[in-house]
Amino acid sequence: MIKLHNTLVKKIVEFTPIKEGEVTVYTCGPTVYDHAHIGNMSSYIYAETLRRTLIANGLKVQQVMNYTDVDDKTIKRSHEKYPDLDPKEALLKLTSEYISTFNDDVQKVGIDTKSIQFIKATESIDQMKKIIQQLLDKKIAYLADDGIYLSIEAYKKSGKTYGQLLNISDSNTSEARIDNDEYDKESVHDFALWKKQKDGEPSWEFSVGDRDMTGRPGWHIECSAMSEMSLGLPFDIHTGGIDLIFPHHENEIAQSTGAKDNPVMANYFVHSNHLLVDGKKMAKSANNFYTLQDIINKGFDPLAFRLLVLQSHYRNESNFTWDNLYSAQNRLKRWKNIAELRWQENVAITSGADSPDFDEGFAECMNDDMDTPSAIERLEKYLGDMENLNFCKPCVENIYSLVDSYFGLNILANTPDINDSQKQTILEREKARETKDWAKSDELRDKLLGQGIGLRDTDKGSIWYRI
RNA sequence: GGCGCGGUGGCCGAGGAGUUAGGCAGCGGUCUGCAAAACCGCCUACACGAGUGCGAAUCUCGUCCGUGCCUCCA
């Protein structure tokens, strides 16, 4: 049984898929106008951890992630970067570049992109028009001079609830915050489904009745269209960062349920909390964000960052500091060094010691609202025993393949055996030590050190580890 | 201003009324030909004030501080 925190009910509940044995997941992906920052990465790592947890429970998972490749920011940036190109070509060029770097980044932090179905907003325009037309037909949407808006009032009158994820009372909204003159919408709460083309902007043809509404989609409609297109309605789980709860997901719900008869868009909304940097929120609009490349440039392993993310619970705010990353990297290194023991016949016991309840306990933590910190604690307790060189080889393989399947740290794959010549060097050194030829012994040790292999001599023989 | 969340040892981070978190760093020691990121031990904390309990880091109230959302946001 998997338990998840569902934002719709604001508590941890048992997860039950719509179709037995299968799960559909929609993950709000990046707006591809710049490099993704590490905060973005953390939310995708958590989304992937959810998928891995579902799969570990024997469920067949279809996870979709979108690319927001048309919106205010992508348009603005593409015009700045490629002012001489046709607006649509400029947009495509810019977004393709960032889609490609996003893919690289996400793979570096261990996200298995082959298991995710990616979808682009610009390839889903027809579906957006379809939903908008349905909303217009139901009079939940209306035409204005500068675009098409969804009327919150009409939506509510149709019997639906606006504010399913967040309690929003009218008195909360400060009118001063919204420059209503800028838009032709009827109410400050209404939001744009479609924006009519302005000079120099990319556009898609769209006519409503006899009115030409050529322009481009609003941000929220993109996700409503892409999720419905790829997963159908309703689907099981919608994921994203907490800052997408309002207005993005709330508006998606309004669109997806307003146009249809079903009252829900997705049964579960799972939101991850922010990764702060030095205690402050990271945002592209502020200038305090790091990208994965910054981490790599400082010599850190991107997977150490993944571990840093997993060390804190997805619903807790966590803090990124370089010290913290250093700490996570050392932990990962230690985990890997222990995994390397499985190749070393002189210390690996092939039978005997064993960890029968590890799998179950670890899975239990993960199934309990993806409690990665508790799962890590459990792992550490077993590793403590293994470090005493008193473990069974199949045991290490079992534990790490389980850990890899949930955490995606690729520990087994990244800790291969050393090559034959290195093994030979170790044997030669053992012989030199037997004859107390310390000069030769040290020379051979240095030789291995140059290849990134360290040695420690124990009463069970020499043990190697990667540096 | 409205609605939330949180303040845990040098650092990061779980837990959450009585019982060990864990890691990283540091210190002391052990093993060793010398070494070792190996082993052992140490540092045993929960913002502040009051309240309710036999008992509070854990519950309640208040204060201070931080932080998030309130139509850019992972």
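At a glance:
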item	result
Filtered residues of the range A:221-269 (kept if among the aliphatic types (A, V, I, L, M) and buried (at least 20 other Cβ atoms within 10 Å of the Cβ))	A:Ile221, A:Ala225, A:Met226, A:Leu231, A:Ile237, A:Leu244, A:Ile253, A:Ala254, A:Ala259, A:Met265, A:Ala266
Verdict on A:Leu8 being away from RNA strand B (no atom under 12 Å from the Cβ), modelled with pLDDT under 90 and either over 30 Å from A:Lys280 (Cα atoms) or outside any strand (DSSP E or B) (or both)	yes
For A:Arg315: the one exception among (1) surrounded by 18 or more Cβ atoms within 10 Å (Cβ to Cβ); (2) under 15 Å from the mean Cα position of the chain (by Cα)	(1)
Residue list for the range A:362-375, filter: of a type in the set (Gly, Ala, Ser) and within 13 Å of RNA strand B (Cβ to nearest atom)	A:Ser374, A:Ala375
Selected residue [basic (Lys, Arg) and closer than 18 Å to A:Ile125 by Cβ] from A:Lys81, A:Lys88	A:Lys88
Some residue of the range A:35-43 being at pLDDT 95 or above and within 19 Å of the chain's Cα centre (by Cα)	no
The lone exception for A:Asp34 - which of (1) farther than 28 Å from A:Leu303 by Cα; (2) outside any helix (DSSP H, G or I); (3) among the acidic types (Asp, Glu) it fails	(1)
Subset of the range A:109-164 (residues that are surrounded by fewer than 15 Cβ atoms within 10 Å (Cβ to Cβ), in a loop (DSSP other than H, G, I, E, B), free of Cβ contacts under 8 Å to residues at least 40 places away in the same chain and not basic (Lys, Arg))	A:Gly159, A:Thr161
Residue in the range A:343-372 that is farthest from A:Gln311 (Cα to Cα), counting only those that are modelled with pLDDT of 85 or more and assigned to a helix (DSSP H, G or I)	A:Trp343
Selection from the range A:23-76 of residues that are farther than 26 Å from A:Leu308 by Cβ, of a type in the set (A, V, I, L, M) and out of contact with any Pro (no Cβ under 8 Å at 6 or more places or on another chain)	A:Val64
Lone qualifier among A:Lys81, A:Lys19, A:Lys93 - being without any contact (Cβ under 8 Å) to a residue 24 or more places away in the chain and under 30 Å from A:Lys3 (Cα atoms)	A:Lys19
Any hit, the range A:56-77, residues being part of a strand (DSSP E or B), away from RNA strand B (no atom under 16 Å from the Cβ) and of a type in the set (S, T, N, Q)	yes
Residue under evaluation A:Lys114, criteria (1) more than 30 Å from A:Ile296 (Cα to Cα); (2) modelled with pLDDT of 95 or more, criterion not met	(1)
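Here is a yes/no grid of residues against (1) more than 29 Å from A:Gly218 (Cβ to Cβ); (2) surrounded by 23 or more Cβ atoms within 10 Å (Cβ to Cβ); (3) more than 16 Å from the chain's Cα centre (by Cα):
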| residue | (1), (2), (3) |
| --- | --- |
| A:Ile12 | yes, no, yes |
| A:Glu20 | yes, no, yes |
| A:Gly58 | yes, no, yes |
| A:Ala90 | no, no, yes |
| A:Ile99 | no, no, no |
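The values are calculated or read from the model by the stated rules, or taken from the named source; none is laboratory data. All of these numbers come straight from a predicted model, not from anything done at the bench. Every residue, glycine among them, receives a Cβ derived from its backbone with ideal geometry; neighbour counts consider all protein chains shown.
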